[in-house]
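Following: one structure in structure tokens, then a few remarks.
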Amino acid sequence: MKITHLILVALLVTIAACSKQKNTEATSQVSKVEMPAMEKPIKIKPTAMLANEINASDMSGANVEQDASGKKVIYWEDPMVPGRHFSKSGQSPFMDMKLSPKYAE
């Protein structure tokens with residue numbers, strides 16, 4: 001009876017260990033699938049120009065509203081969306097904040 005009991009306990013321990021190993025493998029495989037590889041940042045290109053928006057590569061400052069500081073404003077931008085440039089000051093179309101000027105150096 002004792003030997004049968006020991007064999008049964010050993011069998012249950014083995015089954016529990018195998019079950020735990022399978023759960024660990026399944027969990028690690030799921031986490032690998034769900035987590036995307038972040039090799040390089042994703043850049044989202046705008047699909048359409050907004051009102052008062054200018055081309056981001058244009059650094060001439062032509063046709064851009066100047067501020068009272070006396071410095072030349074190249075463009076206006078939302079600090080939270082720095083890739084989009086605007087020709088006039090005002091409210092950001094993306095966030096509820098004022099556009100900030102970027103000056104020529």
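The values are calculated or read from the model by the stated rules, or taken from the named source; none is laboratory data. Quick caveat, the model's predicted, so the values are computed rather than measured. Please note that ligands, DNA and RNA were not included when accessible areas were found on the heavy atoms of the full protein model with its side chains. Shrake-Rupley method; radii C 1.70, N 1.55, O 1.52, S 1.80 Å.
Within the accessible area of the range 48-105, what % is carbon and sulfur when the probe is 1.4 Å and the other protein chains stay in place?
54 percent
In whole Hz and in residue order, list the ³J(HN,Hα) couplings for the range 53-68 that follow from phi through the Karplus curve 6.51 cos²θ - 1.76 cosθ + 1.60, θ = phi - 60°; x for Gly and Pro.
Using θ = phi - 60°, the values come out as 7, 10, 5, 5, 7, 7, 10, 6, x, 5, 6, 10, 5, 8, 9, 7 Hz.
Top to bottom by accessible area (1.4 Å), largest first, where do M80, M1, M97 land?
On the way: M80 125, M1 190, M97 65 Å².
Result, largest first: M1, M80, M97.
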